[in-house]
Structures are given as structure tokens and as C-alpha cells.
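Quick notes on the structure that follows.
The values are calculated or read from the model by the stated rules, or taken from the named source; none is laboratory data. Everything numeric here is computed off the predicted structure, so don't read it as measured data. Using ideal geometry, Cβ is built from the backbone for each residue, glycine included, and neighbour counts are taken over all protein chains shown. The area values use the complete protein model at the heavy-atom level, side chains included, leaving out ligands, DNA and RNA. Shrake-Rupley method; radii C 1.70, N 1.55, O 1.52, S 1.80 Å.
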Amino acid sequence: MSKAIAFHLQKGGVGKTTVSGTLGCQSALNGYKTLLIDCDSQGNLSSWFLKEPSKYELADVLQGKCFASEAIVPVDNIDNLFIIPTFSIGGSLKNYSETKLVDEPFVIQDLVSELNKEYDHIILDLSPGLGRLERAALIASNEIITPMTPEVFSLDGLEIFIDELKKLKKNYKSNVKHNKIIINSYDERIKQHRDIFHAAESSGRFTVFKIPVDPIFRKSQEANAVPQLLKVRSRGMKQTTSDSINEINKTIWK
Ligand SMILES: Nc1ncnc2c1ncn2[C@@H]1O[C@H](COP(=O)(O)OP(=O)(O)OP(=O)(O)O)[C@@H](O)[C@H]1O
Ligand SMILES: [Mg+2]
């Protein structure tokens, strides 16, 4: 069955884009037709996977300036992976979300419902924050998974997010699931990281996954590459990272 997942926490720099892109690649490598939707006006996911801006972007689709099919671009060097991009230059998505989106809170939900028929898996990457655009993307998803870094501020951020999500679900009569978190940039040798993992797990509210610190993510973003396929001086993704990504990927699309 087709499914749309948003990876979100309102905190910046926790790995939302890295996790979205990497799990999108894994889904595609496993043979599922996968669509990334770049809902972040910073356009980081798009600049990771596309070397050049394409003709249309997400803001054009949302404003009815083109069909979704015209904005969808295949990602190079990997089968089954597609993206609806956002380009930060010009700020179209930012302008759209600040002006028109107020009257159209279900515009992303409508888009995802249309694309669900064609794609097995859809991943939405969001900006930090919980503004109109993020809310519209969250209610468009079947499930929200929270990536967070192993630090106290992220745990605080998670509590705020849980509270805000409760209100959002009530206001929009949404039944989006939120019962998984990913502790990203995890280092088993650091006690604070282990403590935060156990704190998150022992709350009993979440299935908790970890993704280790791995320089392959930054390198693949610099090289417009698929992290699972990139080798730099014959070194690729760490085995522990690859095992984590496989485990997460196996669980989240069920
Ligand atoms: N597991 C990891 N190991 C090493 N570096 C990582 C890991 N995950 C993310 N990074 C790096 O951390 C930085 C921030 O990650 P990313 O851009 O994915 O965060 P984000 O939550 O999407 O940020 P923003 O809130 O700005 O959208 C990037 O440089 C990325 O390469
Ligand atoms: Mg990001």
C-alpha cells in the first residue's frame, strides 16, 4: 500500500533532510517507486539530488502553474527515485507559504492523495519550524517520524512537538501517526548519547531507532550522490550505518 511519511521536528539541523534523502534512496534501491517532495524553502534536498535547477518547482505545482507530473524530476544514477524540487533562489515557496497558503491548508494533502496512486512511497522534507507550510505537510502525511540529535534540547523540542501535534490533529481532524523517533548522529561511546536513547525508549511512547555519525552523509551531499552508493577513496557508508538504514527502512513502510 502506498504511504507518505514526513520526517519532522521543529528544531533545526537535527538531520531531517539527511534522513529523508537517505531513506528515500534506500526505498528506491529496494525497488519501490519513491517520490521525495522538497517542502523546505531552503531547498537542501533538491540541491543534494539535482545538479541543476529544473523548469518547475513545488511552489508552481501548489499554485496551479503546472501539473505535478511536469515538476517531477528523476534523480540521476538511481532507478525509482524522483523528486518535486524546491529552489531557494527566488524564494517562490517561501512567498507562497506566507501569502496564499493561509486559504489552502489542504493543498499538500490533495497533492499527496493524487500522487499516492502513482508512487509506492512518498517522503516529505520540511523546514525547521511549525508554520503554515509545515502544518500543511504534516497533515498531508500518513505518518510523522521525528529525527533528533542526542542532546537535551532535542528532547525538549520533542515535548513541544508532541504538544503542538496534538492541537494540529484536533484542529484538522487528522489521524496522522507519530510513534517513531530516530536518534541521529549517534555515537555509542558517548554516555550522554546512550542516556538520551534510553530516556526516549523508556518513555514507552516511541519505537526508537539510531543512525550513527557517518561522514558519508556530508560527502554525498557535497557530491550530489546517493550515500549508499558513494565511495570516497574506496570508503563507503559504514556497516553500522547501513544496518541502521536497512532496519529503519524495513519497519517504516509497513
Ligand atoms: N548521521 C550523521 N552523521 C554525520 N553527519 C550528519 C548526520 N546526519 C546529518 N549530518 C550532517 O548534519 C548537517 C545537518 O543535517 P540536515 O541538513 O539533514 O539537518 P536538517 O534537520 O534537515 O536541517 P534544517 O533544519 O536546516 O532543515 C548536515 O551537514 C549533514 O550532512
Ligand atoms: Mg533540512
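Here are the numbers for the structure shown:
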{"item": "Taking segment 3-252 and dividing mean pair separation by its residue count, relative contact order in percent (alpha carbons under 8 Å, at least six apart)", "result": "25 percent"}
{"item": "Cα-only radius of gyration and Dmax that characterise segment 126-254, units Å", "result": "16.2, 52"}
{"item": "Fraction of the pair-distance distribution of segment 117-201 above 23 Å, Cα-Cα pairs, percent", "result": "30 percent"}
{"item": "Kirkwood Rh, angstrom, segment 1-128 [1 / mean 1/r, Cα pairs]", "result": "14.5 Å"}
{"item": "Portion, in percent, of the accessible area of the chain that falls on carbon or sulfur, probe 1.4 Å", "result": "49 percent"}
{"item": "Nearby lysines by direct alpha-carbon distance to Lys170 (threshold 21 angstrom, same-chain neighbours under 8 apart not counted)", "result": "Lys180"}
{"item": "Rough spin-label spacing in nm, given labels placed 7 Å along Cα→Cβ, for Leu155 and Thr251", "result": "1.9 nm"}
{"item": "Lysine pair number, Cα distance threshold 17 Å (strictly under), segment 1-153, separation 8 or more or different chains", "result": "6"}
{"item": "Full-stretch length increase - Lys231, Tyr172 - with 0.36 nm per residue and alpha-carbon distance subtracted", "result": "16.7 nm"}
{"item": "Relative packing of 197-203, 166-172, which averages over residues the other C-beta atoms within 10 Å, highest first", "result": "197-203, 166-172"}
{"item": "Per residue convex hull volume, Cα atoms of segment 3-252, in Å³", "result": "118 Å³"}
{"item": "Å² of accessible area per residue within segment 3-252, as computed with a 1.4 Å probe and no ligands counted", "result": "46 Å²"}
{"item": "Helical mean residue ellipticity (222 nm; -39500 (n - 2.57) per DSSP H run of 4+; nearest 500) of the chain", "result": "-12500 deg cm²/dmol"}
{"item": "Volume per residue of the C-alpha convex hull in segment 152-210, rounded to whole Å³", "result": "78 Å³"}
